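One structure below.
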Amino acid sequence: MNWHLPTDLPSDEAAVVEREAQVWRPLADAARELVDLCVMSDVEEDEVRAAHADVETAVARLRKVRRTQTLGQEHLTGGRRRPWGNPVIGLRNPIAPPLAVRSDPSGRAETDFHCGAPYEGPPGLVHGGVVSLLLDQVLGHAVGAAGRPGMTGTLTIVYRQGTPLGDLRIEAWIDREEGIKTWAKAHVIGPNGVTAEAEGVFILPRAVREQQTS
């Protein structure tokens, strides 16, 4: 989908969004590190039990009030908080790396990011399903940037070599358009070159089509 969110928010609303970001981003960053350490820490058992108790305390605090809708549902029309729960770019989602995607109206998108131990599949390599997830997201940014927001119709992945854990890059671009369909391509680049390639077909949602014809 199109993740190009409005930049011209009223100043009071923008201030509220920024304040919320300043509160939730550090928590998600800490939780992201916790996820990594659940995989990588090698402390003694007593330390693990003590950390477990600390986490349970934090969970009890956060459980006091639970929203009735996801951030995406609550801010469905494109509010800036909408992607905060996204598993790839979400500011509030600890399982997101998260990716910071740069894109432009020509239909190109790119991102440099890090995949650590929580994303491992084969030893030392990023899980193939995670590679697919990341490619799908960046492809969506490319089509959205060109004003062609779409739902993924098909996604074809070709794995050229294992994608190593560590610093990586994804580049995506629009290949062609036909009616309500947009074809886009992308690849993951690791230290030894391209590791995976993707082609996605994105379908312009009915609501967007109706907007464009009204």
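The values are calculated or read from the model by the stated rules, or taken from the named source; none is laboratory data. For clarity, every value in this text was computed on a predicted model and none was experimentally measured. Here the Cβ positions follow ideal geometry from the backbone for every residue, glycine too, while neighbour counts run over all protein chains shown. Side chains included, ligands, DNA and RNA excluded: accessible areas come from the protein's heavy atoms. Shrake-Rupley method; radii C 1.70, N 1.55, O 1.52, S 1.80 Å.
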- Which labelled figure in (i) -0.29, -0.64, -1.38; (ii) -0.26, -0.63, -1.39; (iii) -0.28, -0.63, -1.24 is log10 I(q)/I(0) by the Debye sum over Cα atoms at q = 0.07, 0.11, 0.19 Å⁻¹, once derived from the coordinates: (ii)
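Can you check what the Kirkwood hydrodynamic radius comes to for segment 4-122, Cα pairs only, in Å to one decimal?
Numbers: mean 1/r = 0.0598 Å⁻¹.
Roughly 16.7 Å, rounded to one decimal.
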- Query: Between rounded, prolate and oblate, where does segment 75-199 land on the alpha carbon gyration tensor, with a ≥ b ≥ c its root eigenvalues, rounded for a/c under 1.5, else prolate if a/b exceeds b/c?
  - Reply: oblate
- Message: Tell me which of 43, 79, 135 sits at the most positive position along the dipole axis of the chain, charges placed on C-beta atoms (Lys, Arg +1; Asp, Glu -1).
- Response: 79
- Message: What number do you get for segment 140-179 when its Cα radius of gyration is normalised by 2.2 N^0.38 Å, N = residues?
- Response: 1.47
- Accessible carbon and sulfur surface of segment 135-176 relative to its total accessible area, %, 1.4 Å: 48 percent
- Top mean-square fluctuation among 135, 91, 34, Gaussian network model of the chain, C-alpha springs under 10 Å? 34
- Note on the structure: With the dipole of the chain defined by +1 on each Lys or Arg Cβ and -1 on each Asp or Glu Cβ, the option from 123, 90, 180 whose Cα lies farthest towards the positive pole is 180
- Backbone HN-Hα couplings from phi across segment 170-179 [Karplus 6.51/-1.76/1.60, Hz, Gly and Pro as x]: 10, 10, 9, 7, 7, 8, 6, 10, 8, x
- Can you give the charge dipole size of the chain about its Cα centre, rounded to the nearest 20 debye, using +1 on the beta carbon of Lys and Arg and -1 on the beta carbon of Asp and Glu? 900 debye
- Note on the structure: Under the rule rounded for a/c under 1.5, else prolate if a/b exceeds b/c, else oblate, using alpha carbon gyration tensor axes a ≥ b ≥ c, segment 66-139 is classed as oblate
- Here the relative contact order (percent) of the chain, from C-alpha pairs under 8 Å and at least 6 apart, is 19 percent
- Write out the trypsin sites (Lys or Arg not before Pro) in segment 41-133 meeting two conditions: DSSP loop, and at most 10 other Cβ atoms within 10 Å of their Cβ. 63, 64, 66, 67
- Local net charge near residue 87, Cβ-Cβ under 15 Å (Lys/Arg +1, Asp/Glu -1): +2
